[in-house]
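Take a look at the structure set out below.
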């Protein structure tokens, strides 16, 4: 790499870290008078994504002027997930890179920027950089590693032909991925609507209805009760042993699994596994749930319900319903619909929940027999939709794998594109 631009001392630059830039220097991302700072998460698919970016003051940015970007620079992730690259456009001029990033500034006329972007994002490059990376806790590279990286450099016309070919072919693949992702969104919306309809209106379209008196609930079947959650069960919070980092509270052979927010986020209806189990002492200081019990996240993935599929312990980022005599799966679907939250916000970080708020939520409550019928119907219908979503996700993964293979083959000459004309 360093031979691309022999006398260019600005060729590679690592972002500021250590004493140069602290988290305390960040401004609120809503303040538009600051200078944006690019983190790894802001670089994806050859684009710099201006969303929830930290910013630093203009005076701090001047102190860090060596890290400022110019048009046609390339930003490159150097820590953890290596190979995220993007060109700097007119819009990002003057922005800063963080310590997670490297900046490339190639002045040579013998290298095509777009070709170089594809080369650096290819599996060939990322696998090489992973092999030569340094760091005790996570992989990282520095300017010396990048400058000494061996690359192939065909003639400039062939570089341009390769870039032209990949621009066209990857755009086709990206459009295909977008269509499938949009279809997944529509299927998820349909799934949500299906659940909401069933848990608020029932399954019989001809049943007499009544006004629930609750704005977000609207009309419900006449024979249903409209009750607050706290009238069905106390709403209690989980508990954590403190300090939670103390290894005395954990045991790989422990009887009770330790539930983290991430475990619930990655689960569907049932929580079947966690990454940690508690010791007898740790479990005694938390809240134990047997299999089959409903609980609800009030932190992280706020409002996400889950049913324990194993013996587990929940911390104070969850609430549970110790006295619930209704069908647990029916109320899983009630919460999963998002409908009970009404004007409280959407599922996720926008919600603000606690035991009182959850307890004061009104919902429609049919008899147990009808709850079971609704659960059976929703199990069947959501399973069909989930199967379709899973197939689409597998297709997307294969398209992305093919895209990466195509890039690697093109930039290493395994695909002959010399007849391509640069648009």
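The values are calculated or read from the model by the stated rules, or taken from the named source; none is laboratory data. Remember, it's a predicted structure, so these values are computed and weren't measured experimentally. Methodologically, a virtual Cβ is constructed for each residue, glycine included, from the backbone with ideal geometry; neighbour enumeration extends over all protein chains shown.
If you take the residues of region 263-294 that are part of a helix (DSSP H, G or I) and in contact with a helix residue (DSSP H, G or I) (Cβ under 8 Å, 6 or more places away or on another chain), which of them is surrounded by the fewest Cβ atoms within 10 Å (Cβ to Cβ)?
Ranking the candidates gives 281 first.
Does residue 106 satisfy the criteria of being modelled with pLDDT of 95 or more and either exposed (fewer than 14 other Cβ atoms within 10 Å of the Cβ) or not in a strand (DSSP E or B) (or both)?
No.
Here is a yes/no grid of residues against (1) modelled with pLDDT under 90; (2) buried (at least 20 other Cβ atoms within 10 Å of the Cβ); (3) within 27 Å of residue 187 (Cα to Cα); (4) not assigned by TED's automatic domain parsing to the domain that holds residue 302:
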| residue | (1), (2), (3), (4) |
| --- | --- |
| 321 | no, yes, no, no |
| 333 | no, yes, yes, no |
| 348 | yes, no, yes, no |
| 355 | no, no, no, no |
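Considering only residues that are within 24 Å of the chain's Cα centre (by Cα) and more than 22 Å from residue 26 (Cβ to Cβ), look in region 84-97 and name the one that is surrounded by the fewest Cβ atoms within 10 Å (Cβ to Cβ).
Among them, the one singled out is 87.
Conditions: (1) in the same structural domain as residue 271 (by TED's automatic domain parsing); (2) surrounded by fewer than 20 Cβ atoms within 10 Å (Cβ to Cβ); (3) in contact (Cβ under 8 Å) with a residue 60 or more places away in the chain. Residue 385 meets all but one. Number of the miss?
Residue 385 satisfies every listed condition except (1).
Look at region 136-149 and say how many of its residues are surrounded by fewer than 21 Cβ atoms within 10 Å (Cβ to Cβ), part of a loop (DSSP other than H, G, I, E, B) and touching a residue at least 40 places away in the same chain (Cβ under 8 Å).
The number of residues fulfilling the criteria is 5.
For (1) at pLDDT 85 or above; (2) part of a loop (DSSP other than H, G, I, E, B), each residue gets a yes or a no:
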site: 13; (1), (2): yes, no
site: 33; (1), (2): no, yes
site: 53; (1), (2): no, yes
site: 76; (1), (2): yes, no
site: 91; (1), (2): yes, no
site: 94; (1), (2): yes, yes
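Against the conditions (1) outside any loop (DSSP other than H, G, I, E, B); (2) in contact with a strand residue (DSSP E or B) (Cβ under 8 Å, 6 or more places away or on another chain); (3) under 21 Å from residue 142 (Cα atoms), where does residue 72 fall short? Just the number, please.
Unmet for residue 72, out of (1) outside any loop (DSSP other than H, G, I, E, B); (2) in contact with a strand residue (DSSP E or B) (Cβ under 8 Å, 6 or more places away or on another chain); (3) under 21 Å from residue 142 (Cα atoms): (1).
Would you be able to say whether some residue in region 299-309 is in the same structural domain as residue 233 (by TED's automatic domain parsing) and over 25 Å from the mean Cα position of the chain (by Cα)?
There is no residue in region 299-309 that is in the same structural domain as residue 233 (by TED's automatic domain parsing) and over 25 Å from the mean Cα position of the chain (by Cα).
May I ask you to list the residues in region 208-235 that are in a loop (DSSP other than H, G, I, E, B) and either modelled with pLDDT of 95 or more or exposed (fewer than 13 other Cβ atoms within 10 Å of the Cβ) (or both)?
208, 213, 215, 222, 223, 224, 233, 234, 235
Only one of 158, 178 is part of a helix (DSSP H, G or I) and more than 34 Å from the chain's Cα centre (by Cα). Can you tell me which?
Just one listed residue meets the conditions, 158.
Could you identify the single residue in 125, 59 that is in a helix (DSSP H, G or I) and surrounded by fewer than 16 Cβ atoms within 10 Å (Cβ to Cβ)?
Exactly one residue qualifies, and that residue is 59.
Hey, residue 192 hits all of (1) at pLDDT below 95; (2) in a loop (DSSP other than H, G, I, E, B); (3) over 22 Å from residue 104 (Cα atoms); (4) touching a helix residue (DSSP H, G or I) at 6+ places or on another chain (Cβ under 9 Å) but one; which does it fall short on?
The single condition residue 192 does not satisfy is (2).
Check residue 81 against each of (1) part of a loop (DSSP other than H, G, I, E, B); (2) under 24 Å from the mean Cα position of the chain (by Cα); (3) buried (at least 20 other Cβ atoms within 10 Å of the Cβ) and name the one condition it does not meet.
Unmet for residue 81, out of (1) part of a loop (DSSP other than H, G, I, E, B); (2) under 24 Å from the mean Cα position of the chain (by Cα); (3) buried (at least 20 other Cβ atoms within 10 Å of the Cβ): (3).
Given the structure, is residue 226 out of contact with any helix residue (DSSP H, G or I) (no Cβ under 8 Å at 6 or more places or on another chain) and under 25 Å from residue 193 (Cα atoms)?
Here the answer is yes, as residue 226 does meet what is asked.
Has region 253-262 got at least one residue that is surrounded by 16 or more Cβ atoms within 10 Å (Cβ to Cβ), part of a loop (DSSP other than H, G, I, E, B) and out of contact with any helix residue (DSSP H, G or I) (no Cβ under 6 Å at 6 or more places or on another chain)?
Yes; the residues of region 253-262 include at least one that is surrounded by 16 or more Cβ atoms within 10 Å (Cβ to Cβ), part of a loop (DSSP other than H, G, I, E, B) and out of contact with any helix residue (DSSP H, G or I) (no Cβ under 6 Å at 6 or more places or on another chain).
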